[in-house]
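Chemist: The structure's right below; bear with me while I get my questions together.
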Amino acid sequence: MSQTKTSNEPLVDQALAEEHGLNAEEWEGLCALVGRQPTLTELGIASALWSEHCSYKSSKVHLEELPSSGEHVVHGPGENAGVVDIGHGWVAAFKIESHNHPSFIEPYQGAATGVGGILRDVFTMGARPIACMDSLHFGAPDAPRMRHLVDGVVRGIGDYGNCVGIPTVGGQTRFHAGYDQNILVNAFALGLARRERVFTAKARGPGNPLLYVGSRTGRDGIHGATMASESFDAESESKRPTVQVGDPFTEKILLEACLEVMRTGAVVAIQDMGAAGLTSSVFEMADSGGVGFTIHTDRVPLREEGLGPYEIMLSESQERMLIVAERGRQEEVARVFRKWDLEVSEIGEVAQEQVGRVLHGSEEAAVIPIDKLADATPMVRRPVEVPKDLAQRHEMPAFEAEDPQQALCRLLDTPELGSKEWVWRQYDHTVRTNTVVGPGGDAAVLALKGTPSGLALTCDVNPVYCGLDPFVGGSQAVAEAVRNLACVGAEPVGLTDCLNFGNPENPEVAWQFRECIHGIANACKALEVPVVSGNVSFYNETEGVSIPPTPTLAMVGVVPDLGGVPVSHFTTAGDRLVLLGRTHDELGGSAYLRLLLGIEAGKPPAVSLDSEERLAGLLRYASFEGMIHTAHDLSEGGFAVALAEAAFAPYKNWGVRASVDLDPRTLFSESQARALVAVPAKRVEEFLTEAETEGVDAVDIGEVTETGRFEVDFDGGSIELDVDELRQLWSTALPRALDL
Amino acid sequence: MRCGVVTFPGSNCDHDVYHVLKHVLSQQVGFLWHDKADLKGAELVVLPGGFAYGDYLRGGALAALSPILEAVREHADNGGLVLGICNGFQVLLESGLLPGALRRNRSLRFECRDVFVQVERADTPWTEGYEEGRVLRLPIAHGEGNYVASEADLEVLEETGRVVFRYCDTDGNVDEESASNINGSQNAIAGIVSSEGNILGMMPHPERCSEAILGNDDGLALLATAVGAATEVLGLSR
């Protein structure tokens, strides 16, 4: 090869490799791979592809445990998004991804580009995005910068998704001091495609042109993937330039143009330029297609002069796609993009030999054997260690139970359990006219136009449980998601996971990760839910302190018939209230302990997958038969909080009169596999019989009333409140806590 | 009726209106591309919601300069029906087809929620399917819906009865200062018509509440009336 060093390139040696995040072994691997001293561009490419963010080097050995196949699965992990069959000839492509590090540094752009990236992952598959969700984990409301972070993230998500016109129909917003220095922004998107029209990112056909479309390339986001693979320190603020800037308008026209061009038949493969930009898209496409490529970086359209091959290959400028077109049909492709006022540039071609060649004018900036690069990707099995303080944290401290009436008011008055409407009102959740149940319910429900059926979406994880027992926490997240889907009559068809953890080089964090995966895998196998896509985010750590383990799960289900879908609030006076499932004294890791008493200890509630399966089966059956008006899952805050929430209907406060066999502690217990349903009085006998047949404990505890009064008798007392008063606390808690 | 839905780069409610006109109301519908001054024979032209050109400059400002607006103007001048919803309303104002402007919401935030509006005029080509005074629940989703107009324009609008929809509470009470006037619009204005009544601009989205499965079909009568199908669809006498 010709001399590769350009005029002002720094010396490429082990010290520079270290600055790029490569350890000694990886540096040697790279030298062996290229068979000489690597060029700067080669070093940049290897450092990006081998970063934790792109290579999954610490997680892969564990991820293989997750079940990824099933009768509905069309494409499992490894594609831009997982794809499942949802019937009527349709498939759903979906994925969740983290944008944690950039969002903490620059919340508005960090969150916005998180939405942009996940939308591209979905339409890259040929699927039209129809829904988004976001799982947000913030620090304590009074932590430094938190008000700014919450406001910025919510505006960023809203401005981007609203402009592109994809409804944000659900998600989570949580607060915990464990995220004071590392907030989490996990963005989910789902798209629809006809089964036979799914696209993949496999390059093929030597001589086929590589077309670059979308925004021009700038200096933004260079080494974003590497940043996302490091912990934060006092200097992290200075990393602002590594955060990308979003342009939702370009995304929208890119989306329309890509979907249109895919219908021409001239597209062989298509891939967005996400983390590690052009580098990851071209290497991944070539690798999965078993081919090579030549790229001329000097043909890449630039936003500013003076970018070299190193920067062009690593830029994470947003809203860009790489297309492999059928040779000779470039003009057909270009015509579509021109119609949408987008630039198309031919920047290279597919090659037979499995080598990636990066040329910049006459300069050979990188020559990397692709098959060997994949093989050389370092895999690590990190040492694990049970946290030293775990046994101590499992001990349940003695505490005096609060007055239940007071406790209920105080719980509803927290941003954790209060209404999240302040957040989701800033997201368009009704565009595309599919939203049957929007944010605020147990699961969102979308109509599948032209069919009687629908899709249900939910997003779940309880990091407090995961911190106290990652195995149980992992299982619980799966169980709760299945339960939430069942509350709207949906059967799960797949899930996508966003595994947010601290520093995997810390053996206690590595243990948390392994245990969480065990727990998720175990529950997924038992409840038959395949994991079809996902993302791992490590190094959510600042100055040695890691976040609570947070395996966010987004689960998708199918509602066979939208006719009788129950809602999470009451709808009809006179309906009988039935409590499903069995309550134990399980306050370990509960909202009650954490939010009222400042205690985060004990063992999280036990998960019985068998009970969950029976409960979910009953709920789905009753929903399909139109037997229930209301179904609401019991989770944080237990029975008392769930009952209050169900009384808050849109524009109306219902009353309840109930008598339960619970005490001042168990009113707030977070025992799993429970739900509250409201059944029309004339069908309650039938429902109770059905519950008995299914083996689900069911007790008729009272009725829905018109009075707007919350009247509950329990063992040793009663709660008597105006629902309006409770709602006042609940509906304003979040903006009040943050002064927004 | 032949209907045309205009697509500007960045329109994102075009498919929604198309869906209701075509699949719920069984009309002939086509998309109209922004860069041609050709309505392809459409009798009803809809400027849909969305973010034309990203609205980076000002809602509807660039879209108002599109070639198709010339054709829309000519169509309107000849008495043809033109409906602007949300971003489409912004385009109508920017192009001068209706008076006034839309500022950022009073909350300075994007607001997506259901609002209540009162039908103030039931004798327009858009609202004959409603009774005067009826309170409708309609979805909104916008950041710039705060209607303002010059004193003179407002006076004309009010005196000639061109305010068709006004934000109100669930019982139909209109109060400009109250939270029911969701975006802070002058006189709580949610929708207005041209002097001949053939152009309607409104912030709420009737197409998002035109199917029972979505839990609300208060908007259907508007679109049904516009395409002259109110009688068949709603069983109403016109």
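The values are calculated or read from the model by the stated rules, or taken from the named source; none is laboratory data. Quick caveat, the model's predicted, so the values are computed rather than measured. Using ideal geometry, Cβ is built from the backbone for each residue, glycine included, and neighbour counts are taken over all protein chains shown. Only protein heavy atoms, including side chains, enter the accessible area calculation; ligands, DNA and RNA are left aside. Shrake-Rupley method; radii C 1.70, N 1.55, O 1.52, S 1.80 Å.
Chemist: In the full protein assembly as shown, how much of A:SER317 is accessible to a 1.4 Å probe, in Å² to the nearest 10?
Modeler: Estimated to the nearest 10 Å², A:SER317 gives 0 Å².
Chemist: Which whole number gives the average, over all residues in B:104-111, of C-beta atoms from other chains lying within 10 Å of the residue C-beta?
Modeler: 3
Chemist: Sticking with this structure for a sec: Tell me, what ³J(HN,Hα) does each residue in segment B:108-119 have, in order and in whole Hz, if you take phi through Karplus 6.51 cos²θ - 1.76 cosθ + 1.60 with θ = phi - 60° and put x for Gly and Pro?
Modeler: Each residue of segment B:108-119 in turn: 6, 10, 5, 10, 10, 6, 7, 10, 10, 10, 9, 7 Hz.
Chemist: Let me ask something additional. Please list, in chain and number order, the residues 5+ apart from A:ALA131 or on another chain whose amide H is under 5 Å from its amide H, with Hs placed from the backbone.
Modeler: For A:ALA131, whose amide H was placed from the backbone, the distant partners under 5 Å are A:LEU190.
Chemist: Please compute P(r) over all alpha-carbon pairs of chain A, binned at 20 Å starting from zero, and give each bin as a whole-number percent.
Modeler: 18, 51, 26, 6, 0
Chemist: Just the number, please: percent antiparallel of the DSSP beta bridges in the protein assembly as shown, rounded to the nearest 5.
Modeler: Roughly 75 percent of the DSSP beta bridges within the protein assembly as shown come out antiparallel.
Chemist: What FRET efficiency would be calculated for the residue pair A:HIS148, A:GLU692, taking the C-beta separation as r and a Förster radius of 56 Å, to the nearest 0.05?
Modeler: 0.55
Chemist: Roughly what angle does helix A:684-694 make with the longest principal axis of chain A, taking Cα atoms, 0 to 90 degrees, to the nearest 10?
Modeler: 60
Chemist: Relative to 2.2 N^0.38 Å, what does the C-alpha radius of gyration of segment B:2-234 come to as a ratio? Two decimals please. Spell out each step's value before the answer.
Modeler: Numbers: Rg = 15.9 Å, N = 233, 2.2 N^0.38 = 17.5 Å.
That ratio works out to 0.91.
Chemist: Going highest first, how would you order A:704-717, B:6-19, A:372-385, A:188-201 by mean Cβ packing within 10 Å? Mind showing how you got there, number by number?
Modeler: On the way: A:704-717: 17.6, B:6-19: 24.6, A:372-385: 14.9, A:188-201: 20.6.
The packing order, highest mean first, is B:6-19, A:188-201, A:704-717, A:372-385.
Chemist: Kindly express, to the nearest 10 degrees and within the range 0 to 90, the angle between helix A:638-647's C-alpha long axis and the longest C-alpha principal axis of chain A.
Modeler: Approximately 90 degrees, to the nearest ten.
Chemist: Counting only DSSP beta bridges with both residues in segment B:2-234, tell me the antiparallel percent, nearest 5.
Modeler: Given both bridge residues lie in segment B:2-234, the antiparallel proportion sits at roughly 60 percent.
Chemist: Quickly work out the A:ASP724-to-A:ARG381 label distance, labels modelled 7 Å from Cα along the C-beta direction, and quote it in nm with one decimal.
Modeler: Those two pseudo-labels are separated by 6.5 nm.
Chemist: Which value, in Å² and to the nearest 10, is the accessible area of B:CYS86 when all protein chains are kept and the probe is 1.4 Å?
Modeler: Only protein atoms counted, so the area is about 10 Å².
Chemist: Right, here's the next one. Apply the Karplus parameterisation 6.51 cos²θ - 1.76 cosθ + 1.60, with θ equal to phi minus 60°, to every residue of segment A:561-567 and state each ³J(HN,Hα) to the nearest whole Hz, in sequence, with x for glycine and proline.
Modeler: 9, 6, x, x, 4, x, 10
Chemist: If amide H atoms are built 1.01 Å from N in the plane of the peptide, which residues on other chains or at least 5 residues away come under 5 Å of the amide H of B:ALA190?
Modeler: B:PHE165, B:ARG166, B:TYR167
Chemist: Cα convex hull of segment B:122-236: mean projected area in nm², to one decimal?
Modeler: Here the figure is 7.4 nm², rounded to one decimal.
Chemist: Enter the mean number of other protein chain beta carbons within 10 Å of the beta carbon of each residue in B:48-56, as an integer. Display every interim value, and only then the final one.
Modeler: On the way: counts 0, 3, 6, 8, 1, 3, 10, 3, 4.
For this peptide, the per-residue mean of nearby foreign Cβ atoms is 4.
Chemist: As a test, work out the antiparallel percent of DSSP beta bridges whose residues both lie in segment A:454-604, rounded to the nearest 5.
Modeler: 75
Chemist: Here's another thing I want to ask about it. Calculate how large, on average over all directions, the projected area of the Cα convex hull of segment A:14-130 is; give the answer in nm² to one decimal.
Modeler: 10.2
Chemist: Please turn the phi angles of segment B:53-64 into ³J(HN,Hα) values with the Karplus equation 6.51 cos²θ - 1.76 cosθ + 1.60 (θ = phi - 60°), one per residue in order, whole Hz, x for glycine and proline.
Modeler: Working through the residues one at a time gives 6, x, 6, 5, 7, 6, x, x, 5, 6, 4, 5 Hz.
Chemist: Measure off 7 Å from each Cα along the Cα-to-Cβ vector at A:MET396 and A:LEU740, then give the distance between these two points in nanometres to one decimal.
Modeler: Going from the A:MET396 label point to the A:LEU740 one covers 3.5 nm.
Chemist: Give me the one-decimal nm value for the distance between modelled label points at A:TYR651 and A:ASP403, 7 Å along each residue's Cα-to-Cβ direction.
Modeler: With each label point 7 Å from Cα toward Cβ, the separation is 3.7 nm.
Chemist: Suppose the chain between A:GLU260 and A:ASP389 were pulled fully straight at 0.36 nm per residue; how much longer would it get relative to their current alpha carbon spacing?
Modeler: So the extension gain works out to 40.8 nm.
Chemist: For helix A:107-123, report the angle its Cα long axis makes with the longest principal axis of the Cα atoms of chain A; keep it between 0 and 90° and round to the nearest 10°.
Modeler: Result, in degrees: 80.
Chemist: To the nearest 0.05, how large is the calculated FRET efficiency for B:SER26 and A:GLN37 if R₀ is 60 Å and r is the Cβ-Cβ distance? Spell out each step's value before the answer.
Modeler: Numbers: r = 71 Å, r/R0 = 1.18.
E between B:SER26 and A:GLN37, to the nearest 0.05, is 0.25.
Chemist: Test of understanding: extend the Cα→C-beta vector of A:ASP715 to 7 Å, then name every residue of segment A:575-612 with backbone N under 18 Å from that spot.
Modeler: Once the point is set 7 Å along Cα→Cβ of A:ASP715, A:579-588 turn out to lie under 18 Å by backbone N, inside segment A:575-612.
Chemist: Is it possible to state the helix-based mean residue ellipticity at 222 nm for the protein assembly as shown, with each DSSP H run of 4+ residues giving -39500 (n - 2.57), the sum divided by total residues, to the nearest 500 deg cm²/dmol? What is it?
Modeler: Details: 30 runs with 293 residues, N = 978.
Using -39500 (n - 2.57) per qualifying helix, the result is -8500 deg cm²/dmol.
Chemist: Continuing with this model, one more query. Rounded to the nearest 0.05, what FRET efficiency do A:LYS60 and B:SER195 have when you use their Cβ-Cβ distance and R0 = 56 Å?
Modeler: Efficiency for this residue pair is about 0.25.
Chemist: So who's got an amide H within less than 5 Å of the one on A:THR217, skipping anything under 5 residues away but keeping other chains? H placed 1.01 Å off N, in plane.
Modeler: Hits under the 5 Å cutoff: A:LEU302, A:ARG303.
Chemist: Take peptides A:727-740, A:674-687 and line them up by average Cβ neighbours within 10 Å, highest first, as a rough protection proxy. Walk me through the numbers before you get to the answer.
Modeler: Numbers: A:727-740: 17.4, A:674-687: 20.2.
Packing order, densest peptide first, comes out as A:674-687, A:727-740.
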